[in-house]
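Presented below is the structure to which this report refers.
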Amino acid sequence: MPHLSDRCCEIAELRQYTMVPGRLGELIELFEREFIEPQEAVGNHVVGTFTDLDDPDRFVWIRGFGSLGERIDALRGFYGSQLWADNAVAVNETLIDSDNVLLLQPADGRGLPDTPASDGTPSSRVFGVTVYALELGADDAAAVAAVPSSALSVLRTHPGPNTFKGLPVREGEQVIVVLTDGQPVTDQLPGAEIVQTLRLAPTTRSALR
């Protein structure tokens, strides 16, 4: 169970990958064998890795950083490494799209939970993600305040900039992302519209489990 009293990161990426059909397991095996500890070592905190219970060809993961400056250093450290050079082709061969990425920050006191390393045992837990869209430039304070108190994390669009251009993020939109233990929330928030819900199952080595 995550330590909800401690929050790990001021910057978060919610990353959704569309897989080549049938190759999700291949990516997860490679990711969990090669990419967790090396990312952590250079400052990419791998918060959670998930399969989508409603889409067998979607891989979802969340990572966090202490600041924008730490993010660019961490990404350069990992994607400039020999490890990534040796494995990039194998990763990209499993993917149709990897550009569905939201750059986020805590919207209230419920940022990303601090997550201990997985002990490798399977988890039957389900996590929900709800993505709300707001009019670009809107004040989201009322919407954030209306998020149910049971939510694990409440995140909003980070204004950027995306200082690591090698990895695109979604731009020109404003969102609130709510992470829950269990089913995704469906509450209506003032000035916000639900545009996506996800039901996520942790992979074997997901820290958030």
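The values are calculated or read from the model by the stated rules, or taken from the named source; none is laboratory data. All values reported here derive from a predicted model rather than from experimental measurement. Don't worry about glycine lacking a Cβ; one is built from the backbone with ideal geometry, like all the others, and counts go over all protein chains shown. Areas reflect the complete protein model, heavy atoms only, side chains present, ligands, DNA and RNA absent. Shrake-Rupley method; radii C 1.70, N 1.55, O 1.52, S 1.80 Å.
Among the residues making up segment 55-76, those that are in a helix (DSSP H, G or I) and either closer than 21 Å to Pro202 by Cβ or open to solvent by 30 Å² or more (accessible area, probe 1.4 Å) (or both) are Leu68, Gly69, Glu70, Asp73, Arg76. Of everything in segment 146-162, what is open to solvent by less than 60 Å² (accessible area, probe 1.4 Å) and more than 18 Å from the chain's Cα centre (by Cα)? Give them in sequence order. Those that are open to solvent by less than 60 Å² (accessible area, probe 1.4 Å) and more than 18 Å from the chain's Cα centre (by Cα): Ala146, Val147, Pro148.
Among the conditions (1) in contact with a Gly (Cβ under 6 Å, 6 or more places away or on another chain); (2) surrounded by 18 or more Cβ atoms within 10 Å (Cβ to Cβ), the only one that Pro106 does not satisfy is (1). Do we have Gly137 as closer than 24 Å to Leu208 by Cα and open to solvent by 60 Å² or more (accessible area, probe 1.4 Å) here? Judged against the criteria, Gly137 is not a match. Of the candidates Thr130, Thr115, Thr49, the single residue that is within 26 Å of Val178 (Cα to Cα), of a type outside the set (D, E, K, R), in contact with a helix residue (DSSP H, G or I) (Cβ under 7 Å, 6 or more places away or on another chain) and buried (at least 21 other Cβ atoms within 10 Å of the Cβ) is Thr49.
Put simply, of Ala151, Ala142, Ala117, Ala138 the only residue that is farther than 15 Å from Arg15 by Cβ, in contact with a Ser or Thr (Cβ under 6 Å, 6 or more places away or on another chain) and outside any strand (DSSP E or B) is Ala151. A count restricted to segment 28-42 and to residues that are surrounded by fewer than 19 Cβ atoms within 10 Å (Cβ to Cβ) and either in contact (Cβ under 8 Å) with a residue 40 or more places away in the chain or not in a helix (DSSP H, G or I) (or both) stands at 5. Taking segment 36-78 as the range and being over 18 Å from Tyr17 (Cα atoms) and of a type in the set (Val, Ile, Thr) as the test, the residues that pass are Val42, Ile72.
Screening Ser98 on (1) closer than 26 Å to Arg199 by Cα; (2) modelled with pLDDT under 95 shows it passes everything except condition (2). From the list Pro184, Pro190, Pro168, which residue is surrounded by 17 or more Cβ atoms within 10 Å (Cβ to Cβ), at pLDDT 95 or above and assigned to a loop (DSSP other than H, G, I, E, B)? One residue alone meets the criteria, Pro184. Scanning segment 73-97 for residues that are among the hydroxyl-bearing types (Ser, Thr, Tyr) and under 23 Å from Ile11 (Cβ atoms) turns up Tyr79, Ser81.
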